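As structure tokens, the structure follows; a few thoughts come after it.
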Amino acid sequence: MAHALAVHGLEKRYGPVQALKGVDLAVEEGELVGLLGPNGAGKSTLVKIAVGLVRATRGRAEIVGARAGSGAARAELGYLAELFRFPGWYTADEVLALHQRLARSDGGQAERTRLLELVALADAGNRRVEGMSKGMQQRLGIAQALVGSPRMLVLDEPTSALDPAGRRVVRVLLEELRDRGVSVLLNSHLLSEIELVCDRVTILRAGEVVTAGSPADLSRARGVELETDEGTRTIPGATREDAPRLVAEAVAAGRQVYGVRVLTSTLEDTYLEAVGDEVS
């Protein structure tokens, strides 16, 4: 079975600048993959190649087995650009109707109603874009990306301008889409959001993949913190498997144990180790 998104040996050169240097990446069906990296890492170039806006210098990108940019690939792809803009005088329903025509979707009013309900805008079909909050516009943007029931969704910074409540709404929506079998590539600089929602993470630096794996795989043990009647101390190098022994030893030594916590590195720690001092 073809991957929802498959990138093989992808290279892109802009004159003397090589933006991508042989990138490999895959998104499986129903998988949510986060794409991280500092400015200039090649994230936007990879996304633009995947959605067919830019041609690769070498290598290939495929959407459900079809060459990126082809008609077959576009039929399976939904895309929300970072700096998207909808006409302010359009209503939410009119925005979706426009994108139905662009995507040649014959879903009609039933599809528009279903998508507005999915993104929690069921009562906003007749509201103009200019009267919507930023969070509502972001959710409408995700709805337009879902016109035509694509199997692969590419989202470029969908929560960057939202407050914590708005980010949570979008995060829950992304989880629901994954549960429905929609695959998502999420390009974001918000590490906490990626860590919470993504199944796997790929980190780019200077056009190359430097780290990839699940958030759990990318975390490492940093020791065990033990709280007793003598205070709190950290045992460096200890792991989850060492915790019962450490508690037993403390009790045997006459200590009262109030708590034990396994310390692990965060995605932020992994990211900073991978990209060094580069600023996003």
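The values are calculated or read from the model by the stated rules, or taken from the named source; none is laboratory data. Here the structure is a predicted model, which is why all the values come from computation and not from measurement. When we count neighbours, we look across all protein chains shown, and the Cβ atoms used for this are built from the backbone with ideal geometry, even at glycine.
No other residue among Val210, Val197, Val201 is within 29 Å of Arg13 (Cβ to Cβ), of a type outside the set (D, E, K, R) and buried (at least 21 other Cβ atoms within 10 Å of the Cβ) apart from Val201.
Take the conditions (1) at negative phi; (2) under 11 Å from the mean Cα position of the chain (by Cα); Leu173 misses just one of them, which is (2).
Only residues that are modelled with pLDDT of 80 or more and within 13 Å of Arg220 (Cβ to Cβ) were counted across the range 256-266, and they come to 2. Filtered by the rule that a residue be surrounded by fewer than 22 Cβ atoms within 10 Å (Cβ to Cβ) and either closer than 23 Å to Thr270 by Cβ or modelled with pLDDT under 85 (or both), the range 171-186 gives Arg171, Glu175, Arg178. Here Ile142 passes the criteria (1) at pLDDT 95 or above; (2) among the β-branched types (Val, Ile, Thr); (3) touching a Pro at 6+ places or on another chain (Cβ under 7 Å) except the one numbered (1).
Here the range 73-114 is the region considered, the condition is being closer than 20 Å to Leu25 by Cβ and aliphatic (A, V, I, L, M), and the residue that is surrounded by the fewest Cβ atoms within 10 Å (Cβ to Cβ) is Ala81.
Among the candidates Val210, Val279, the residue that is closer than 22 Å to Leu20 by Cα and modelled with pLDDT of 85 or more is uniquely Val210. For the range 189-280, the helices (runs of 4 or more DSSP H) that sit wholly inside it and include 2 or more residues that are closer than 26 Å to Leu173 by Cβ and not small (Gly, Ala, Ser) are 191-197, 215-218, 267-275.
Restrict the check to the range 143-165 and report whether at least one residue is without any contact (Cβ under 8 Å) to a residue 60 or more places away in the chain, in the same structural domain as Glu28 (by TED's automatic domain parsing) and among the basic types (Lys, Arg).
Of the residues in the range 143-165, the ones without any contact (Cβ under 8 Å) to a residue 60 or more places away in the chain are 143, 149, 159, 161-165.
Filter again for in the same structural domain as Glu28 (by TED's automatic domain parsing), leaving 143, 149, 159, 161-165.
Next, from what is left, pick out any that are among the basic types (Lys, Arg): none.
No, the range 143-165 contains no residue that is without any contact (Cβ under 8 Å) to a residue 60 or more places away in the chain, in the same structural domain as Glu28 (by TED's automatic domain parsing) and among the basic types (Lys, Arg).
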